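To start, the structure itself, in structure tokens.
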Amino acid sequence: MNIFFYTIIFIMGITFGSFYTLAVYRIPKGEDITHTHSYCPNCKHKLNVLDLIPVFSYIFLGGKCRYCKQKIRPRYLILEVISGIFFMLVAYLLELNIYNLHIASIINYAFIILFFTFFVLLIGIAKETKKMNKPVIIYGVIVLIMYIVYLYIIKK
Ligand SMILES: [Zn+2]
């Protein structure tokens, strides 16, 4: 049962990883990260569902765009896999499993993921543009404040 649980966590992780690669690419350009369709950065061809499966699309397409055959940078794949492993590792360390889903552990888990998202986006965008991204920093500050408020609430 736990293998099933960790598989779901891993899939969630690589899905977030896929979102990170998109966000790192789009945020500095001021592009929408939620609504507009994903497209190939080279040929601008709109990507369909089969092109967007984290990790698997990369492997099945041989690391190339289906339409223009431009090589997709392996760092996308690496980030997806790292995210998947990180999500599983944190779940393991917090002893999250099907039989042990306490609300406190879930909230802790959620905060660790939110902070992880912050660091990935901050470092990822800084690597791409050599600049710290202001909206990402604001996001980090908000998560931090939320966490402090949460700690305050549970202390009482
Ligand atoms: Zn392309």
Test: Phe86 is away from the ligand (no atom under 16 Å from the Cβ), over 15 Å from the mean Cα position of the chain (by Cα) and modelled with pLDDT of 90 or more = no
Look at Phe10 and say whether it is touching a helix residue (DSSP H, G or I) at 6+ places or on another chain (Cβ under 9 Å) and more than 27 Å from Asn133 (Cβ to Cβ).
-> yes
Which condition breaks for Tyr58 when tested against (1) part of a loop (DSSP other than H, G, I, E, B); (2) in contact with a Leu (Cβ under 6 Å, 6 or more places away or on another chain)?
-> (1)
Got at least one residue in the stretch 87-107 being in contact with a helix residue (DSSP H, G or I) (Cβ under 6 Å, 6 or more places away or on another chain), more than 24 Å from Leu22 (Cα to Cα) and loosely packed, with under 14 Cβ neighbours inside 10 Å?
-> yes
Residue pairs qualifying under the 6 Å Cβ cut-off, at least six apart or on distinct chains, with the first in the stretch 3-28 being closer than 30 Å to Tyr99 by Cβ and the second being among the β-branched types (Val, Ile, Thr) and assigned to a helix (DSSP H, G or I), are none
Just to be sure, is Tyr6 surrounded by 14 or more Cβ atoms within 10 Å (Cβ to Cβ), more than 16 Å from the ligand (Cβ to nearest atom), more than 16 Å from the chain's Cα centre (by Cα) and not in a loop (DSSP other than H, G, I, E, B)?
-> yes
Meets criteria (in contact with a Gly (Cβ under 9 Å, 6 or more places away or on another chain), away from the ligand (no atom under 16 Å from the Cβ) and at pLDDT 90 or above) for Phe16 = yes
Going through the stretch 130-144 one residue at a time, which ones are at pLDDT 95 or above and of a type outside the set (Val, Ile, Thr)?
-> Tyr139, Gly140, Leu144
Determine, yes or no, whether Lys44 is within 13 Å of the ligand (Cβ to nearest atom) and touching a strand residue (DSSP E or B) at 6+ places or on another chain (Cβ under 9 Å).
-> no
Determine the pairs where a residue that is closer than 18 Å to Met12 by Cβ, located within the stretch 34-60, has a partner that is near the ligand (Cβ under 10 Å from one of its atoms) and not polar (S, T, N, Q) with Cβ atoms under 6 Å apart, the partner being 6 or more residues away or on another chain.
-> Ser57/Asp51
Can you tell me which residues in the stretch 29-41 are within 16 Å of the ligand (Cβ to nearest atom), assigned to a loop (DSSP other than H, G, I, E, B) and closer than 14 Å to Ser18 by Cα?
-> His37, Ser38, Cys40
Among the residues of the stretch 130-141, is any closer than 20 Å to Ser18 by Cβ and without any contact (Cβ under 8 Å) to a residue 24 or more places away in the chain?
-> yes
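The values are calculated or read from the model by the stated rules, or taken from the named source; none is laboratory data. The shown structure was predicted, so the numbers you read here are calculated from the model rather than taken from an experiment. Methodologically, a virtual Cβ is constructed for each residue, glycine included, from the backbone with ideal geometry; neighbour enumeration extends over all protein chains shown.
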